[in-house]
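Engineer: Here you go, one structure.
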Amino acid sequence: MSNTQHKVLLISTGGTITMVREAGTGALVPADIETFKAYMPELFAGAIQVEIEAFNPLLDSSDISPSKWAQMAQMVYDHYEEYDGFVILHGTDTMSYSASALSFMLEGLNKPVVFTGSQLPVGVLRSDAKENLMTAIEIAAAQDENGDAIVPEVTIFFEDRLFRANRTTKRNAEHFSAFNSYNYPALAKAGVHITYQPHLIHYNSPNAPLVLHTGYDSNVAVLKLFPGIGRPVVRAVLRAKGLRAVVLETFGAGNAPSDKWLYRELKEAVDRGIIIVNKTQCNTGSVEMGLYAVSLNLMKAGVLSGYDITTEALLTKMMYLLGEHGDDPELVKKLLMTNLCGEITVE
Ligand code: ASP
């Protein structure tokens, strides 16, 4: 590691980590960035130089929409040359969506972008805020002996694990270990030391330029199948005005009821140009269409395989691809089934 002081840009979007209790209702609301900084003198006392940019106002992550993903990606892009790495403070509720979206929007990334937050506000004595944030900053600044970033990916650090962002899901609203990556191992574990797993990390070509993609199309939907699902519900979703792509959440290895009407509705939607991708409702494992007879109809209807992707990654990948290549549906379909930045396991 070189002797120059490393610089990290902390981009605060809000979330519990920045929150205080509102007088009157007692509900948690984001405070302002100065209040947050006052609770975190450690930020400016370490060996790493930390500078802060904040959303104004700070937001609960339920209010983070695709335009805010574009704003975050733009902030990273605008300051890319000035910093060794980036930490994005974000509420946990939709962190996996935002972090997945940024993994697609920041093509050719060669520096760390680490999302983190906390389950308890920074001002609460037992809060997990400081540990999460200080470790995320260390990871964002970490370089090898050649001065190259150790984890040049979009990631989520929470409690003691660093995960590839587009493999994560919020799994717990109570425990400090709020996230998991069911289909891909952790990229690092933080105990007394931070132990990285270089063989699991995604590296872009070191000379690749950072390409920013801020276009998106949110005319997408998630249709979750359940035993007894009726035609009117399926129809209402598949015929929604403006709809362009659907995440079809299926059973097990990608199975669906064999009702003829379901096949017909799906086939008609595909024929109308709607892209439908099969995503298993199971957290772990992959879609394997054709393994059971009950998934053959989906294949015949033109439904694509989502392999082992998360719903968060699939939905944001659809929005990104439709925004970038919406005029070329065949390319969108091809790229949906291609591993762009470690989000799916395909041969
Ligand atoms: N509601 C909060 C948010 O997502 C929860 C959290 O930050 O953990 O902004």
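The values are calculated or read from the model by the stated rules, or taken from the named source; none is laboratory data. All values reported here derive from a predicted model rather than from experimental measurement. All Cβ positions, glycine included, derive from the backbone under ideal geometry; neighbour counts span all protein chains shown.
Engineer: Please enumerate the residues belonging to region 66-84 that are of a type in the set (A, V, I, L, M, F, W, C) and either in contact with a helix residue (DSSP H, G or I) (Cβ under 7 Å, 6 or more places away or on another chain) or farther than 13 Å from Lys111 by Cα (or both).
Structural biologist: Those that are of a type in the set (A, V, I, L, M, F, W, C) and either in contact with a helix residue (DSSP H, G or I) (Cβ under 7 Å, 6 or more places away or on another chain) or farther than 13 Å from Lys111 by Cα (or both): Trp69, Ala70, Met72, Ala73, Met75.
Engineer: What are the pairs with Cβ atoms under 9 angstrom where one residue, in region 53-75, is within 17 Å of Leu10 (Cα to Cα) and among the polar types (S, T, N, Q) and the other, located anywhere, is within 13 Å of the ligand (Cβ to nearest atom) and in a helix (DSSP H, G or I)? Sequence gap at least six, or different chains.
Structural biologist: Close Cβ pairs (under 9 Å, with a partner that is within 13 Å of the ligand (Cβ to nearest atom) and in a helix (DSSP H, G or I)) amount to Ser61/Thr16; Ser61/Met95; Ser61/Tyr97; Ser61/Ser98.
Engineer: Are there strands (runs of 3 or more DSSP E) fully within region 132-209 with at least 3 residues that are over 17 Å from the mean Cα position of the chain (by Cα)? List them. I'd like the intermediate steps shown before the answer.
Structural biologist: Working: elements: 154-158, 161-164, 188-190, 194-196.
It comes to 188-190, 194-196.
Engineer: Can you tell me which residue among Gly290, Gly285, Gly342 is touching a strand residue (DSSP E or B) at 6+ places or on another chain (Cβ under 6 Å) and assigned to a loop (DSSP other than H, G, I, E, B)?
Structural biologist: Values: Gly290 fails: touching a strand residue (DSSP E or B) at 6+ places or on another chain (Cβ under 6 Å); Gly285 fails: touching a strand residue (DSSP E or B) at 6+ places or on another chain (Cβ under 6 Å).
Selected residue: Gly342, the only one of Gly290, Gly285, Gly342 that is touching a strand residue (DSSP E or B) at 6+ places or on another chain (Cβ under 6 Å) and assigned to a loop (DSSP other than H, G, I, E, B).
Engineer: Right, next: Please count how many residues of region 148-190 are in contact with a helix residue (DSSP H, G or I) (Cβ under 6 Å, 6 or more places away or on another chain), among the hydroxyl-bearing types (Ser, Thr, Tyr) and in contact (Cβ under 8 Å) with a residue 40 or more places away in the chain.
Structural biologist: Number satisfying all stated conditions: 4.
Engineer: Residues of region 115-130 being part of a helix (DSSP H, G or I) and either within 19 Å of the chain's Cα centre (by Cα) or under 26 Å from Trp69 (Cβ atoms) (or both), which ones? Steps first, please.
Structural biologist: Looking only at region 115-130, we keep the residues that are part of a helix (DSSP H, G or I), and these are 129-130.
Result: Ala129, single match.
Engineer: A follow-up question, please. Out of the strands (runs of 3 or more DSSP E) lying entirely within region 1-109, which hold 1 or more residues that are more than 13 Å from the ligand (Cβ to nearest atom) and at pLDDT 95 or above? Before you say what the answer is, go through the steps one by one.
Structural biologist: Values: elements: 7-14, 19-21, 28-30, 49-59, 85-89.
Counting at least 1 such residues, we get 7-14, 49-59, 85-89.
Engineer: Residue under question is Glu145, and the condition is that it be surrounded by fewer than 20 Cβ atoms within 10 Å (Cβ to Cβ), away from the ligand (no atom under 16 Å from the Cβ) and touching a residue at least 40 places away in the same chain (Cβ under 8 Å); does it hold? It would help to see each step written out before you state the result.
Structural biologist: Values: surrounded by fewer than 20 Cβ atoms within 10 Å (Cβ to Cβ): yes; away from the ligand (no atom under 16 Å from the Cβ): yes; touching a residue at least 40 places away in the same chain (Cβ under 8 Å): yes.
Yes: the conditions hold for Glu145.
Engineer: Shifting gears a bit: So Phe226 clears everything in (1) free of Cβ contacts under 8 Å to residues at least 40 places away in the same chain; (2) surrounded by 12 or more Cβ atoms within 10 Å (Cβ to Cβ); (3) not aliphatic (A, V, I, L, M) except one condition, right? Which one?
Structural biologist: Tallying (1) free of Cβ contacts under 8 Å to residues at least 40 places away in the same chain; (2) surrounded by 12 or more Cβ atoms within 10 Å (Cβ to Cβ); (3) not aliphatic (A, V, I, L, M), Phe226 fails exactly one: (2).
Engineer: A follow-up question, please. Applying the selection to region 1-44, what residues are exposed (fewer than 13 other Cβ atoms within 10 Å of the Cβ) and touching a Pro at 6+ places or on another chain (Cβ under 9 Å)?
Structural biologist: The first filter runs over region 1-44 and keeps only residues exposed (fewer than 13 other Cβ atoms within 10 Å of the Cβ), leaving 1-5, 22-27, 34, 38, 41-42, 44.
If the condition is that a residue be exposed (fewer than 13 other Cβ atoms within 10 Å of the Cβ) and touching a Pro at 6+ places or on another chain (Cβ under 9 Å), then no residue fits.
Engineer: Considering each of Asn278, Asn297 in turn, give the residue that is at pLDDT below 95 and of a type outside the set (D, E, K, R). If you could, list the steps in order and put the result at the bottom.
Structural biologist: Details: Asn278 fails: at pLDDT below 95.
Answer to the check: Asn297.
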